[in-house]
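K.L.:
Here's a structure for you.
Read-outs throughout are calculated quantities, based only on the coordinates presented, and are distinct from any laboratory measurement. Values in this document were obtained by computation on a predicted structure and should not be read as measured data. Quick reminder, even Gly has a Cβ in these numbers, built from the backbone with ideal geometry, and neighbours come from all protein chains shown.
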Amino acid sequence: MIREEIFSGFCRTCNQAQMVTCEFEQKGDRLELTEVDCRYRKCIHKASCEIAKQIRQMEQEYREE
């Protein structure tokens with residue numbers, strides 16, 4: 001199953017608000033991020049990024065369900 005989510009927040013790299021579309025694929029009891037339309041995986045601000053926080057939270061909440 002593929003699940004598409006849209007997250008928004010301030011991007012420090014772009015220095016502006018961004019909307020990011022993500023695709024997650026269900027892998028057993030977890031969601032795996034398969035596509036993201038920003039540089040999430042290589043972003044130097046990933047640890048403090050509001051959008052990255054939402055992506056991680058989405059993955060974590062799915063595991064808790």
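K.L.:
Calculate the tail of P(r) for the chain: the fraction of all Cα-Cα distances greater than 14 Å, expressed in %.
P.N.:
Within the chain, distances greater than 14 Å cover 54 percent of Cα pairs.
K.L.:
Net charge around Glu35, counting only other residues with Cβ within less than 15 Å of its Cβ (Lys, Arg = +1; Asp, Glu = -1)?
P.N.:
For residues surrounding Glu35, the net value is -2.
K.L.:
Additional query: What is the sum of charges around Gln18, taking Lys and Arg as +1, Asp and Glu as -1, for the other residues whose C-beta is under 12 Å from the C-beta of Gln18?
P.N.:
Net local charge, Gln18 excluded: 0.
K.L.:
Rounded to the nearest 500, what is the chain's calculated 222 nm mean residue ellipticity when only DSSP H runs of at least 4 contribute -39500 (n - 2.57) each, over all residues?
P.N.:
The per-residue figure over the chain is -7500 deg cm²/dmol.
K.L.:
For the chain, what is the charge dipole size about the Cα centre, in debye to the nearest 20, if Lys and Arg each add +1 at the Cβ and Asp and Glu each add -1 at the Cβ?
P.N.:
480
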